[in-house]
1. Which of SER54, SER67, SER16 ends up with the largest GNM mean-square fluctuation for the chain, with Cα atoms connected below 10 Å?
2. Rg/Rh for the chain: what does it come to with C-alpha atoms and Rh from Kirkwood?
3. Can you list the lysines whose alpha carbon sits under 20 Å from that of LYS20, skipping same-chain ones fewer than 8 residues off?
4. Using Cβ contacts closer than 10 Å as the measure, can you line up LEU18, LEU64 from fewest to most?
5. Assign unit charges at the C-beta atoms only (+1 for Lys and Arg, -1 for Asp and Glu), then state the dipole size of segment 45-109 relative to its Cα centre in Debye, rounded to the nearest 20.
6. May I ask what percent, to the nearest 5, of DSSP beta bridges between residues of the chain are antiparallel?
7. Taking other Cβ within 10 Å of each residue's Cβ, how do LYS95, LYS48 sort, fewest first?
8. Normalised by the number of residues in segment 45-109, what is the relative contact order in percent for Cα pairs under 8 Å and 6+ residues apart?
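Every number here is computed from the coordinates shown, using simple stated rules; none is lab data. Computed from a predicted structure; not experimentally measured. Cβ coordinates were reconstructed from backbone atoms using ideal geometry, including for glycine residues, and neighbour counts include every protein chain displayed.
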Amino acid sequence: MGYKHSEESKNKIRASLLGKNAGKSNPMFGVLGENHPMFGKTHSEETKLKMSKSRGTAVEVIDLETSVRSSYVSFNKAAEVMGVSAAALTKRFKKTNYFILKGKYRVEKKQENSPSNDKS
């Protein structure tokens, strides 16, 4: 399960990072309201989609009744369309890479290198 740092190493790392970018030394400390760079602005739909793609796990959903395939950029988007919670999908994906949901949908993680026809 990866490298396990010793307590001594963890304490050295903790001490070296202590106070860096914390509180008043953080460049954004106290930058609120009208002074904040994003104040009064919203992300465009294109930007939101880019952020979702970079953070989310792509999901493909096949409607077993109509054989229609749909691709989504994240669990959240797929769950929203199917009327379930994202947590329900996450829980199922911890056990397997695909499953049948509500007896109607086959839900599977998309391969990383497959062509993208993602929906937002």
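1. Result: SER16 has the largest fluctuation of those listed.
2. Rg/Rh: 1.15.
3. Straight-line reach from LYS20, under 20 Å: LYS10, LYS12.
4. If I rank by nearby Cβ atoms, fewest first, I get LEU18, LEU64.
5. Working: 14 positive and 7 negative charges, 72 e Å.
The dipole of segment 45-109 has a size of about 340 debye.
6. Here the antiparallel bridges make up roughly 95 percent for the chain.
7. Listing LYS95, LYS48 from fewest to most nearby Cβ atoms yields LYS95, LYS48.
8. 32
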